[in-house]
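Since the structure comes first, as structure tokens, the remarks are kept for the end.
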Amino acid sequence: MSSHFLSNSPSTPTTKASDRQNDTSVSLPSTSTSSSISPDMWNYLWIPFLISLSKELTLARSATAITSPSILLPSQLVDDSPSAPRCPASDTNLNYRPVIGILSHPGDGASGRLNNATNASYIAASYVKFVESAGARVIPLIYNEPREILFEKLNLVNGVLFTGGWAKTGLYFDTAKAIFKEVLARNDAGFHFPVYAICLGFEILTMIISEDNQILETYNATDQASTLQFMENISIEGTVFQRFPPVLLKKLSTDCLVMQNHHYGISPQRFQENEHLSSFFEILTNSADEDNQVYVSTVQARNYPVTAFQWHPEKNAFEWGLSMIPHSEDAIQVTQHVANFFVSEARKSLNRPPARRVLDNLIYNYSPTFCGKAGKGYDEVYIFAEPETPNNTRCAVHGNCHGRVKL
């Protein structure tokens, strides 16, 4: 092996000075000469490169040590003995398996295009997803079921949601009123039982509490994105807005982050003039319709876990048929914060019915129907329509009860 390959210094040249002076011709080195010089050239190239690389790595390690503290595993921070607790104990005052009852609405949600049975009712899937996104499950409260079955289902849930829609009279109104009165009675008896009322739900509660079925006024607020204007000197502590980041709260009043879709509402003046309403609810926000007419848009009960929205918090994340539904990241955060507050209130309910009865009545016993191809209205709906026979008032003890309570 040539010693030149291992040497750290170039070989001593042997050509005489006189030879270099007299030799004026230029010629390429022979193959043997090239092989003997090449290793030395590699030494010249690699050694400075390695030295430079070593310096760069040293500087990088020094900078990392200064700017990034060492990352320690949890076992290096706390006692790693077998007796050390790994997770905090659950709060026994909270229910971590809450269930929400959603009242169905007459029809199929698609003007009879999906199911034109006279006893059909539906729940838009967006309300179900809204509840599920915050960590709860859903039991459908079918509005035209026998009252005893409906109230048996109320014993299986930890809160109730009244949806949007159009029905303000007849059996639907009577059923909603009966459920709401029962909810208030349970809260009065010391059983925490929250309610959310959205759009039509807001309007129905306004009618029930005011004891005036003609109290609503007409507004031009269909398929409209809008802001929420907070009442002056309002405290959001304990309200649906309490967990909103300050930046998002400000954007609610400046950016159109909520969706309105209603023909009716109530002005702040008329609301405050009705003693029943003003003593039961506190106004949190107002909004304006397309004609700049102001209406009450969010209220919360003073002494009950009841919140009502004239707007649609569920649509931002889960509906796509209407053109003015906000879908920005801020709008999605609004949906999530509103859902989280509702389910956090439901967790305060200590009602814990038998798991088997809950499973028999969950909305998972039904399948949603896709109806979004029409380009308007709801994207998905759950439809409830059963044969109108005397035997359907009671569910058999055995077999799938199609979401009914087993009596």
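Quick notes on this one:
- The stretch between Asn220 and Leu249 holds 7.9 nm of extra length on full extension. This uses 0.36 nm per residue minus the Cα-Cα distance.
- Ranked by the mean number of other Cβ atoms within 10 Å of their residues, highest first, the peptides 327-333, 354-360, 155-161 come out as 155-161, 327-333, 354-360.
- Relative contact order of segment 315-380, pairs being alpha-carbon contacts under 8 Å that are 6 or more residues apart, as %: 42 percent
- Distance violations [Cα-Cα > 18 Å] among Lys153/Lys177; Lys129/Lys315; Lys315/Lys348: Lys315/Lys348
- Shown for Val294, Val247, Val195: other C-beta atoms within 10 Å of each C-beta, ranked fewest to most, produce the order Val247, Val294, Val195.
- Taking 7 Å steps out from each Cα toward its Cβ at Lys177 and Val294 produces label points 3.2 nm apart.
- Set of segment 320-363 residues, backbone N closer than 18 Å to the point 7 Å along the Cα-Cβ line of Asn155: 350-362
- Extending 7 Å from the Cα toward the beta-carbon at both Lys168 and Ser52 defines two label points whose distance is 8.0 nm.
Any read-out appearing in this document is the output of simple, stated calculations on the displayed coordinates, not a laboratory observation. If you're wondering where the values come from, they're calculated on a predicted model, not measured in any experiment. All Cβ positions, glycine included, derive from the backbone under ideal geometry; neighbour counts span all protein chains shown.
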